[in-house]
Amino acid sequence: MKTLIKNATIVTSTAEYTGNLLIADGKIQAISKDASYDADETIDAEGKWLMPGAIDPHVHLEMPFMGTYSSDDYASGTLAALHGGTTTVIDFILQTQGDTLANALKSWRSRSDDRCYCDYSFHMAVTDFNDNVAEEVKHFIENEGITSFKTFMAYKGALMLDDGQMTALMKVVSKNGGMVTVHATNGDVIDNLIAKHKSEGKLAPLYHYLSQPEVTEAEASSRFCDLAHYADVPAYIVHMTCEGAVEAIRKSYHRNQIVQGETCIQYLSLDASLYEKNFEGAKWVMSPPLREKKDQEYLWSAINQGIINVVATDHCPFTWEKKLLGKDDFSKIPNGHPAIEHRVELLYSEGVAKGKISKQKMVEVLSTNPARIFGLAPQKGDIAIGADADLVIFNPNKKHTLSAKTHHMNVDYSCYEGWEVTGKCETVFLRGKKVIDKGEALIKPGFGEYQKRSKVSWKRS
Ligand SMILES: [Zn+2]
(Lines give C-alpha, C1' and ligand atoms only; values in the text may rest on other atoms or scores of the structure.)
Protein backbone atom coordinates (compact mmCIF):
# COMPACT_ATOMS: atom_id res chain seq x y z
CA MET A 1 0.00 0.00 0.00
CA LYS A 2 1.46 3.31 -1.13
CA THR A 3 -0.04 6.66 -0.20
CA LEU A 4 0.86 9.97 -1.79
CA ILE A 5 0.18 13.20 0.07
CA LYS A 6 0.59 16.00 -2.44
CA ASN A 7 0.75 19.82 -2.37
CA ALA A 8 1.13 19.88 1.41
CA THR A 9 2.96 22.58 3.31
CA ILE A 10 5.50 20.33 5.01
CA VAL A 11 6.38 21.77 8.42
CA THR A 12 9.26 20.37 10.45
CA SER A 13 11.29 21.75 13.36
CA THR A 14 13.75 23.30 10.91
CA ALA A 15 11.96 23.85 7.61
CA GLU A 16 8.78 24.65 5.74
CA TYR A 17 8.15 23.97 2.04
CA THR A 18 5.43 22.84 -0.31
CA GLY A 19 5.93 19.28 -1.46
CA ASN A 20 4.76 15.76 -2.15
CA LEU A 21 5.40 12.89 0.25
CA LEU A 22 5.21 9.18 -0.50
CA ILE A 23 4.42 6.60 2.17
CA ALA A 24 5.30 2.95 1.56
CA ASP A 25 5.57 0.01 3.95
CA GLY A 26 4.79 2.22 6.91
CA LYS A 27 7.73 4.54 6.26
CA ILE A 28 8.32 7.84 4.54
CA GLN A 29 9.81 6.63 1.27
CA ALA A 30 10.25 9.84 -0.72
CA ILE A 31 9.78 13.60 -0.42
CA SER A 32 10.00 16.04 -3.28
CA LYS A 33 9.11 19.64 -4.01
CA ASP A 34 7.92 18.86 -7.54
CA ALA A 35 8.24 15.15 -8.46
CA SER A 36 5.09 13.05 -8.24
CA TYR A 37 4.86 9.35 -7.46
CA ASP A 38 2.57 6.44 -8.29
CA ALA A 39 0.42 5.44 -5.35
CA ASP A 40 -2.67 3.42 -4.41
CA GLU A 41 -4.19 6.45 -2.74
CA THR A 42 -3.53 10.13 -3.36
CA ILE A 43 -4.52 12.85 -0.91
CA ASP A 44 -4.46 16.48 -1.99
CA ALA A 45 -3.42 18.52 1.04
CA GLU A 46 -3.24 21.90 -0.63
CA GLY A 47 -3.58 24.71 1.92
CA LYS A 48 -2.91 22.33 4.79
CA TRP A 49 0.17 21.49 6.79
CA LEU A 50 1.86 18.12 7.05
CA MET A 51 3.60 17.74 10.40
CA PRO A 52 5.27 14.84 12.22
CA GLY A 53 2.95 12.98 14.60
CA ALA A 54 3.18 14.51 18.06
CA ILE A 55 4.74 12.64 20.98
CA ASP A 56 3.35 13.14 24.50
CA PRO A 57 6.03 11.98 26.94
CA HIS A 58 3.96 12.61 30.07
CA VAL A 59 0.66 10.77 30.44
CA HIS A 60 -0.97 8.61 33.13
CA LEU A 61 -3.51 6.17 31.69
CA GLU A 62 -5.41 3.77 33.93
CA MET A 63 -3.17 4.85 36.79
CA PRO A 64 -4.01 3.20 40.11
CA PHE A 65 -5.21 5.78 42.61
CA MET A 66 -7.16 5.52 45.91
CA GLY A 67 -8.64 2.13 44.98
CA THR A 68 -9.62 3.31 41.50
CA TYR A 69 -7.87 4.33 38.27
CA SER A 70 -7.47 7.50 36.24
CA SER A 71 -10.54 7.46 34.01
CA ASP A 72 -8.90 7.04 30.59
CA ASP A 73 -7.72 3.50 30.07
CA TYR A 74 -5.13 2.56 27.44
CA ALA A 75 -7.80 2.28 24.76
CA SER A 76 -9.77 5.48 25.36
CA GLY A 77 -6.69 7.56 26.20
CA THR A 78 -4.63 6.55 23.18
CA LEU A 79 -7.63 6.98 20.86
CA ALA A 80 -8.19 10.50 22.20
CA ALA A 81 -4.47 11.13 21.68
CA LEU A 82 -4.72 10.15 18.00
CA HIS A 83 -7.76 12.38 17.47
CA GLY A 84 -5.57 15.24 18.67
CA GLY A 85 -2.56 14.43 16.47
CA THR A 86 -0.49 12.57 19.08
CA THR A 87 0.82 9.29 17.64
CA THR A 88 3.07 8.13 20.51
CA VAL A 89 2.69 8.46 24.28
CA ILE A 90 5.10 7.68 27.11
CA ASP A 91 3.33 6.67 30.31
CA PHE A 92 4.79 6.13 33.81
CA ILE A 93 5.15 2.81 35.58
CA LEU A 94 5.17 3.28 39.36
CA GLN A 95 7.24 0.89 41.45
CA THR A 96 5.47 -0.14 44.66
CA GLN A 97 7.78 0.52 47.61
CA GLY A 98 9.18 -2.83 48.81
CA ASP A 99 8.51 -4.51 45.45
CA THR A 100 10.58 -4.92 42.25
CA LEU A 101 10.61 -2.90 39.03
CA ALA A 102 9.93 -6.14 37.14
CA ASN A 103 6.62 -6.67 38.95
CA ALA A 104 5.60 -3.09 38.25
CA LEU A 105 6.38 -3.52 34.54
CA LYS A 106 4.30 -6.71 34.44
CA SER A 107 1.36 -4.96 36.06
CA TRP A 108 1.46 -1.97 33.68
CA ARG A 109 1.90 -4.08 30.55
CA SER A 110 -1.03 -6.30 31.58
CA ARG A 111 -3.25 -3.22 31.32
CA SER A 112 -1.69 -1.66 28.21
CA ASP A 113 -0.65 -4.43 25.82
CA ASP A 114 -3.03 -5.19 22.96
CA ARG A 115 -5.24 -2.26 23.94
CA CYS A 116 -3.50 0.87 22.69
CA TYR A 117 -4.54 2.69 19.53
CA CYS A 118 -1.34 4.76 19.27
CA ASP A 119 2.27 3.72 19.88
CA TYR A 120 3.37 3.70 23.49
CA SER A 121 6.32 3.38 25.81
CA PHE A 122 7.04 3.74 29.53
CA HIS A 123 9.22 5.63 31.95
CA MET A 124 9.97 3.78 35.19
CA ALA A 125 9.32 5.68 38.41
CA VAL A 126 11.71 4.39 41.06
CA THR A 127 10.13 4.85 44.49
CA ASP A 128 12.40 2.55 46.53
CA PHE A 129 16.08 2.36 45.62
CA ASN A 130 18.35 -0.51 46.77
CA ASP A 131 21.02 -2.86 45.34
CA ASN A 132 18.46 -5.10 43.68
CA VAL A 133 16.82 -2.12 41.98
CA ALA A 134 20.26 -0.97 40.80
CA GLU A 135 20.65 -4.30 38.95
CA GLU A 136 17.16 -3.96 37.54
CA VAL A 137 17.92 -0.46 36.21
CA LYS A 138 20.75 -1.93 34.14
CA HIS A 139 18.46 -4.67 32.83
CA PHE A 140 15.70 -2.19 31.93
CA ILE A 141 18.08 -0.02 29.91
CA GLU A 142 19.73 -2.94 28.11
CA ASN A 143 16.75 -5.23 27.51
CA GLU A 144 13.40 -3.52 28.02
CA GLY A 145 14.06 -0.30 26.11
CA ILE A 146 13.14 1.72 29.22
CA THR A 147 15.89 4.29 29.54
CA SER A 148 14.31 7.05 31.64
CA PHE A 149 13.83 6.77 35.41
CA LYS A 150 11.60 9.15 37.32
CA THR A 151 12.07 10.27 40.89
CA PHE A 152 9.68 12.14 43.16
CA MET A 153 10.96 14.77 45.59
CA ALA A 154 7.48 14.85 47.19
CA TYR A 155 4.81 12.34 48.37
CA LYS A 156 6.82 10.95 51.30
CA GLY A 157 5.90 7.40 52.28
CA ALA A 158 4.47 6.52 48.89
CA LEU A 159 6.62 7.75 46.01
CA MET A 160 9.42 9.95 47.33
CA LEU A 161 13.12 9.07 47.34
CA ASP A 162 15.26 10.98 49.82
CA ASP A 163 18.20 12.92 48.39
CA GLY A 164 20.68 10.13 49.25
CA GLN A 165 18.66 7.49 47.38
CA MET A 166 18.01 9.85 44.48
CA THR A 167 21.70 10.61 44.06
CA ALA A 168 22.60 6.90 44.23
CA LEU A 169 19.98 6.19 41.54
CA MET A 170 21.40 8.99 39.38
CA LYS A 171 24.87 7.44 39.47
CA VAL A 172 23.63 3.98 38.46
CA VAL A 173 21.46 5.39 35.67
CA SER A 174 24.31 7.53 34.36
CA LYS A 175 26.75 4.62 34.30
CA ASN A 176 24.34 2.53 32.23
CA GLY A 177 23.34 5.10 29.61
CA GLY A 178 19.96 6.23 30.92
CA MET A 179 18.49 9.50 32.16
CA VAL A 180 16.74 10.67 35.30
CA THR A 181 13.51 12.67 35.24
CA VAL A 182 12.00 14.32 38.27
CA HIS A 183 8.87 15.65 39.91
CA ALA A 184 10.69 18.55 41.54
CA THR A 185 8.75 20.01 44.46
CA ASN A 186 9.73 20.20 48.12
CA GLY A 187 7.36 17.62 49.65
CA ASP A 188 8.14 18.44 53.28
CA VAL A 189 7.25 22.10 52.93
CA ILE A 190 4.08 21.26 51.00
CA ASP A 191 2.96 18.64 53.55
CA ASN A 192 3.48 21.18 56.29
CA LEU A 193 1.38 23.82 54.53
CA ILE A 194 -1.40 21.31 53.79
CA ALA A 195 -1.55 20.37 57.49
CA LYS A 196 -1.53 24.04 58.52
CA HIS A 197 -4.38 24.97 56.16
CA LYS A 198 -6.46 22.01 57.27
CA SER A 199 -5.94 22.82 60.95
CA GLU A 200 -7.25 26.32 60.22
CA GLY A 201 -10.36 24.92 58.52
CA LYS A 202 -9.22 26.12 55.07
CA LEU A 203 -10.48 23.23 52.96
CA ALA A 204 -11.43 24.64 49.53
CA PRO A 205 -9.50 23.88 46.30
CA LEU A 206 -7.86 27.32 46.55
CA TYR A 207 -5.77 25.93 49.43
CA HIS A 208 -4.36 23.22 47.19
CA TYR A 209 -2.80 26.08 45.26
CA LEU A 210 -1.74 28.00 48.36
CA SER A 211 -0.07 24.87 49.79
CA GLN A 212 2.36 24.71 46.85
CA PRO A 213 3.91 28.16 46.51
CA GLU A 214 6.45 28.85 43.80
CA VAL A 215 9.40 28.44 46.17
CA THR A 216 8.57 24.75 46.72
CA GLU A 217 9.11 24.10 43.01
CA ALA A 218 12.02 26.49 42.56
CA GLU A 219 13.99 25.13 45.51
CA ALA A 220 13.53 21.47 44.51
CA SER A 221 14.40 22.19 40.85
CA SER A 222 17.58 23.91 41.92
CA ARG A 223 18.53 21.08 44.31
CA PHE A 224 17.83 18.53 41.59
CA CYS A 225 20.07 20.36 39.08
CA ASP A 226 22.89 20.45 41.63
CA LEU A 227 22.63 16.75 42.47
CA ALA A 228 22.33 15.77 38.80
CA HIS A 229 25.48 17.75 38.10
CA TYR A 230 27.27 16.03 40.98
CA ALA A 231 26.15 12.59 39.72
CA ASP A 232 26.91 13.55 36.10
CA VAL A 233 23.57 12.23 34.82
CA PRO A 234 21.45 13.40 31.87
CA ALA A 235 18.49 15.05 33.55
CA TYR A 236 14.96 16.26 32.76
CA ILE A 237 12.46 18.13 34.94
CA VAL A 238 8.80 17.32 34.24
CA HIS A 239 5.85 19.74 34.38
CA MET A 240 7.67 23.00 35.12
CA THR A 241 5.22 25.79 35.85
CA CYS A 242 6.96 28.92 37.02
CA GLU A 243 9.72 31.45 36.78
CA GLY A 244 11.63 30.20 39.83
CA ALA A 245 11.85 26.63 38.52
CA VAL A 246 12.96 27.68 35.05
CA GLU A 247 15.60 29.93 36.60
CA ALA A 248 17.07 26.84 38.30
CA ILE A 249 17.83 25.37 34.86
CA ARG A 250 19.14 28.66 33.53
CA LYS A 251 21.54 28.92 36.47
CA SER A 252 22.92 25.43 35.71
CA TYR A 253 24.16 26.69 32.33
CA HIS A 254 27.19 28.39 33.88
CA ARG A 255 28.70 24.95 34.49
CA ASN A 256 27.75 23.74 31.01
CA GLN A 257 25.18 21.36 32.46
CA ILE A 258 22.36 20.10 30.23
CA VAL A 259 19.06 19.77 32.09
CA GLN A 260 16.07 19.44 29.79
CA GLY A 261 12.85 21.16 30.83
CA GLU A 262 9.21 20.23 30.19
CA THR A 263 6.10 22.26 30.70
CA CYS A 264 2.51 21.22 30.01
CA ILE A 265 -0.12 22.89 27.87
CA GLN A 266 -2.27 23.89 30.86
CA TYR A 267 0.52 25.94 32.44
CA LEU A 268 0.77 27.94 29.22
CA SER A 269 -2.95 28.49 28.78
CA LEU A 270 -4.63 28.56 32.23
CA ASP A 271 -3.89 30.40 35.46
CA ALA A 272 -4.54 30.16 39.20
CA SER A 273 -7.58 32.45 39.18
CA LEU A 274 -9.57 29.26 38.35
CA TYR A 275 -9.07 28.14 41.96
CA GLU A 276 -11.30 30.98 43.09
CA LYS A 277 -14.37 29.26 41.56
CA ASN A 278 -15.22 27.48 44.84
CA PHE A 279 -15.39 23.71 44.41
CA GLU A 280 -15.46 23.87 40.61
CA GLY A 281 -11.76 24.69 40.99
CA ALA A 282 -11.27 20.97 41.72
CA LYS A 283 -11.24 20.40 37.93
CA TRP A 284 -7.84 22.08 37.84
CA VAL A 285 -6.40 20.54 41.00
CA MET A 286 -3.08 19.12 39.83
CA SER A 287 0.47 19.20 41.15
CA PRO A 288 2.18 21.52 40.68
CA PRO A 289 -0.86 23.82 40.51
CA LEU A 290 -1.61 26.41 37.84
CA ARG A 291 0.40 29.58 38.39
CA GLU A 292 0.14 33.27 37.66
CA LYS A 293 -0.05 35.15 34.38
CA LYS A 294 3.54 36.33 34.80
CA ASP A 295 4.63 32.68 34.85
CA GLN A 296 2.83 31.98 31.59
CA GLU A 297 4.75 34.74 29.86
CA TYR A 298 7.92 33.41 31.40
CA LEU A 299 7.25 29.88 30.12
CA TRP A 300 6.58 31.08 26.56
CA SER A 301 9.87 32.95 26.55
CA ALA A 302 11.69 29.93 28.04
CA ILE A 303 10.38 27.86 25.12
CA ASN A 304 11.76 30.39 22.66
CA GLN A 305 15.08 30.49 24.49
CA GLY A 306 15.40 26.67 24.43
CA ILE A 307 15.30 26.32 28.23
CA ILE A 308 11.94 24.55 28.08
CA ASN A 309 12.36 21.83 25.46
CA VAL A 310 9.07 19.91 25.57
CA VAL A 311 5.36 20.71 25.92
CA ALA A 312 3.51 17.66 27.31
CA THR A 313 0.19 17.24 29.16
CA ASP A 314 0.57 15.21 32.39
CA HIS A 315 -2.80 13.85 31.26
CA CYS A 316 -4.41 12.20 34.31
CA PRO A 317 -8.20 12.54 34.20
CA PHE A 318 -10.63 11.80 36.98
CA THR A 319 -14.38 11.95 36.57
CA TRP A 320 -16.35 14.55 38.49
CA GLU A 321 -17.59 11.84 40.87
CA LYS A 322 -13.98 11.12 41.85
CA LYS A 323 -13.13 14.81 42.21
CA LEU A 324 -16.01 15.01 44.71
CA LEU A 325 -13.97 12.79 47.06
CA GLY A 326 -12.36 16.06 48.09
CA LYS A 327 -15.55 18.05 48.49
CA ASP A 328 -14.84 18.75 52.15
CA ASP A 329 -11.03 18.53 52.03
CA PHE A 330 -8.87 19.77 49.16
CA SER A 331 -6.13 17.25 50.05
CA LYS A 332 -8.46 14.40 49.05
CA ILE A 333 -9.18 15.73 45.54
CA PRO A 334 -7.51 13.35 43.06
CA ASN A 335 -4.79 15.33 41.29
CA GLY A 336 -4.93 15.49 37.52
CA HIS A 337 -6.41 17.09 34.45
CA PRO A 338 -7.53 15.81 31.02
CA ALA A 339 -5.60 17.24 28.05
CA ILE A 340 -4.16 14.42 25.92
CA GLU A 341 -6.50 15.28 23.03
CA HIS A 342 -6.03 19.03 22.98
CA ARG A 343 -2.28 19.67 23.28
CA VAL A 344 -1.47 20.14 19.59
CA GLU A 345 -4.48 22.31 18.79
CA LEU A 346 -4.10 24.43 21.94
CA LEU A 347 -0.39 24.98 21.37
CA TYR A 348 -1.11 26.09 17.83
CA SER A 349 -4.06 28.25 18.77
CA GLU A 350 -2.56 29.85 21.90
CA GLY A 351 1.04 29.85 20.72
CA VAL A 352 1.54 30.00 16.96
CA ALA A 353 -1.70 31.75 15.97
CA LYS A 354 -1.14 34.40 18.66
CA GLY A 355 2.45 34.98 17.58
CA LYS A 356 4.13 33.66 20.73
CA ILE A 357 6.13 30.86 19.05
CA SER A 358 6.92 29.86 15.47
CA LYS A 359 5.43 26.79 13.81
CA GLN A 360 8.93 25.27 13.70
CA LYS A 361 9.21 25.72 17.46
CA MET A 362 5.81 24.08 17.88
CA VAL A 363 6.93 20.96 15.97
CA GLU A 364 10.19 20.96 17.91
CA VAL A 365 8.56 20.90 21.37
CA LEU A 366 5.71 18.55 20.40
CA SER A 367 7.60 15.98 18.31
CA THR A 368 11.25 16.40 17.50
CA ASN A 369 12.59 17.12 20.98
CA PRO A 370 10.59 14.41 22.79
CA ALA A 371 11.80 11.86 20.19
CA ARG A 372 15.41 12.96 20.50
CA ILE A 373 15.47 13.28 24.30
CA PHE A 374 13.73 9.98 25.00
CA GLY A 375 15.43 7.78 22.40
CA LEU A 376 12.63 7.46 19.81
CA ALA A 377 14.59 9.23 17.05
CA PRO A 378 15.29 8.79 14.19
CA GLN A 379 12.19 6.60 13.64
CA LYS A 380 9.89 9.18 15.17
CA GLY A 381 9.61 12.94 15.64
CA ASP A 382 10.55 14.17 12.18
CA ILE A 383 9.55 14.14 8.52
CA ALA A 384 12.54 12.42 6.94
CA ILE A 385 13.11 9.60 4.48
CA GLY A 386 13.18 6.27 6.28
CA ALA A 387 11.33 7.53 9.37
CA ASP A 388 8.02 6.00 10.51
CA ALA A 389 5.18 7.61 8.57
CA ASP A 390 3.59 9.13 11.70
CA LEU A 391 2.01 12.22 10.18
CA VAL A 392 -0.70 14.79 10.81
CA ILE A 393 -2.55 16.74 8.14
CA PHE A 394 -3.36 19.94 9.99
CA ASN A 395 -5.80 22.60 8.87
CA PRO A 396 -4.51 25.86 10.37
CA ASN A 397 -7.65 27.81 9.46
CA LYS A 398 -10.37 25.59 10.84
CA LYS A 399 -12.00 26.93 13.98
CA HIS A 400 -13.78 24.63 16.41
CA THR A 401 -14.97 24.57 20.00
CA LEU A 402 -13.64 22.30 22.74
CA SER A 403 -16.28 20.59 24.85
CA ALA A 404 -16.93 17.47 26.94
CA LYS A 405 -19.81 16.83 24.52
CA THR A 406 -17.44 16.26 21.62
CA HIS A 407 -14.08 15.19 23.07
CA HIS A 408 -13.01 11.54 23.02
CA MET A 409 -11.44 11.44 26.49
CA ASN A 410 -13.31 9.37 29.05
CA VAL A 411 -14.17 12.18 31.44
CA ASP A 412 -17.46 14.02 31.96
CA TYR A 413 -16.19 17.61 31.89
CA SER A 414 -13.67 19.63 29.93
CA CYS A 415 -11.13 21.95 31.51
CA TYR A 416 -11.48 24.00 28.31
CA GLU A 417 -15.28 23.93 27.95
CA GLY A 418 -16.43 26.38 25.28
CA TRP A 419 -12.93 27.44 24.18
CA GLU A 420 -12.83 28.30 20.51
CA VAL A 421 -9.54 27.15 19.03
CA THR A 422 -8.03 27.76 15.63
CA GLY A 423 -6.52 24.77 13.85
CA LYS A 424 -7.62 21.16 13.57
CA CYS A 425 -5.82 17.81 13.22
CA GLU A 426 -7.88 16.44 10.32
CA THR A 427 -6.10 13.29 9.19
CA VAL A 428 -3.58 11.25 11.17
CA PHE A 429 -1.24 8.49 9.98
CA LEU A 430 0.52 6.04 12.25
CA ARG A 431 3.29 3.94 10.67
CA GLY A 432 1.76 4.68 7.28
CA LYS A 433 -1.78 3.65 8.12
CA LYS A 434 -4.49 6.29 7.99
CA VAL A 435 -5.84 5.98 11.55
CA ILE A 436 -8.02 9.09 11.93
CA ASP A 437 -9.87 10.88 9.17
CA LYS A 438 -12.23 13.80 9.80
CA GLY A 439 -13.11 12.71 13.30
CA GLU A 440 -13.46 9.03 12.51
CA ALA A 441 -11.19 6.27 13.86
CA LEU A 442 -10.16 3.70 11.24
CA ILE A 443 -8.37 1.18 13.47
CA LYS A 444 -9.07 -1.07 16.42
CA PRO A 445 -7.41 -1.18 19.86
CA GLY A 446 -4.12 -3.04 19.75
CA PHE A 447 -2.89 -1.24 16.62
CA GLY A 448 -0.47 0.73 18.81
CA GLU A 449 2.93 -0.89 19.24
CA TYR A 450 5.20 -0.92 22.26
CA GLN A 451 8.32 1.16 21.57
CA LYS A 452 11.68 0.17 22.96
CA ARG A 453 13.77 3.30 23.35
CA SER A 454 17.51 3.86 22.82
CA LYS A 455 20.10 4.95 25.33
CA VAL A 456 20.62 8.65 25.87
CA SER A 457 22.60 10.29 23.09
CA TRP A 458 22.64 13.90 24.21
CA LYS A 459 24.80 13.79 27.32
CA ARG A 460 27.57 16.36 27.19
CA SER A 461 31.08 14.94 26.85
ZN1 LIG B 1 2.62 13.22 35.95
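The values are calculated or read from the model by the stated rules, or taken from the named source; none is laboratory data. Small disclaimer: the values here were computed from a predicted structure and weren't measured. For neighbour counting, all protein chains shown are included, and Cβ atoms are generated from backbone atoms with ideal geometry for every residue, glycine included.
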message = Regarding the stretch 74-90, can at least one residue be identified that is farther than 26 Å from Pro378 by Cα and touching a His at 6+ places or on another chain (Cβ under 8 Å)?
response = yes
query = What number goes with the only condition from (1) at positive phi; (2) more than 13 Å from the ligand (Cβ to nearest atom); (3) surrounded by 23 or more Cβ atoms within 10 Å (Cβ to Cβ) that Asn278 does not pass?
reply = (3)
query = Restricting to the stretch 102-132, what's the tally of residues that are of a type in the set (Ser, Thr, Tyr) and closer than 21 Å to Thr68 by Cα?
reply = 4
Residues of the stretch 24-65 satisfying the condition of being assigned to a loop (DSSP other than H, G, I, E, B), within 16 Å of the ligand (Cβ to nearest atom) and among the aliphatic types (A, V, I, L, M) = Leu61, Met63
request  = Report whether or not Leu376 is out of contact with any Pro (no Cβ under 9 Å at 6 or more places or on another chain), touching a residue at least 24 places away in the same chain (Cβ under 8 Å) and surrounded by 20 or more Cβ atoms within 10 Å (Cβ to Cβ).
outcome  = no
inquiry  = Cβ contacts < 8 Å: first residue within 13 Å of the ligand (Cβ to nearest atom), restricted to the stretch 328-341; second residue in a loop (DSSP other than H, G, I, E, B) and among the aromatic types (Phe, Trp, Tyr), any location; separation 6+ or different chain. Result?
reply    = Pro334/Phe318; Gly336/Phe318
task = Only residues that are over 26 Å from Pro370 (Cβ atoms), in a loop (DSSP other than H, G, I, E, B) and either modelled with pLDDT of 95 or more or among the polar types (S, T, N, Q) (or both): list them for the stretch 158-184, please.
result = Asp162
query = Taking the stretch 169-184 as the search range and keeping residues that are within 22 Å of Gly145 (Cβ to Cβ) and among the aliphatic types (A, V, I, L, M), which one is farthest from the ligand (Cβ to nearest atom)?
reply = Val172
ask   = Taking the stretch 201-218, which residues are in a helix (DSSP H, G or I) and within 16 Å of the ligand (Cβ to nearest atom)?
value = His208, Glu217
task = Find the residue count for the stretch 255-296, including only residues that are under 12 Å from His337 (Cβ atoms) and of a type in the set (Lys, Arg).
result = 1
task = Within the stretch 1-52, work out how many residues are free of Cβ contacts under 8 Å to residues at least 60 places away in the same chain and of a type in the set (S, T, N, Q).
result = 7
remark   = Among residues of the stretch 84-119 being in a loop (DSSP other than H, G, I, E, B), crowded, with 18+ Cβ neighbours inside 10 Å and of a type outside the set (Ser, Thr, Tyr), the residue nearest to the ligand (Cβ to nearest atom) is Gln95
ask   = Got at least one residue in the stretch 219-230 being within 20 Å of Ser457 (Cα to Cα), of a type in the set (Gly, Ala, Ser) and more than 16 Å from the ligand (Cβ to nearest atom)?
value = yes
remark   = Of those in the stretch 185-200 that are under 16 Å from Pro289 (Cα atoms) and outside any helix (DSSP H, G or I), the residue nearest to the ligand (Cβ to nearest atom) is Thr185
key: Hits in the stretch 72-83 (condition: assigned to a loop (DSSP other than H, G, I, E, B) and surrounded by fewer than 24 Cβ atoms within 10 Å (Cβ to Cβ))   = Asp73
ask   = Within the stretch 392-400, is even one residue touching a Gly at 6+ places or on another chain (Cβ under 6 Å), buried (at least 24 other Cβ atoms within 10 Å of the Cβ) and of a type in the set (A, V, I, L, M, F, W, C)?
value = yes
note = (1) within 16 Å of the ligand (Cβ to nearest atom); (2) farther than 21 Å from Val89 by Cα all hold for Lys354 apart from (1)
inquiry  = Quick test for you: out of Gln360, Gln257, pick the one residue that is away from the ligand (no atom under 16 Å from the Cβ) and modelled with pLDDT under 95.
reply    = Gln257
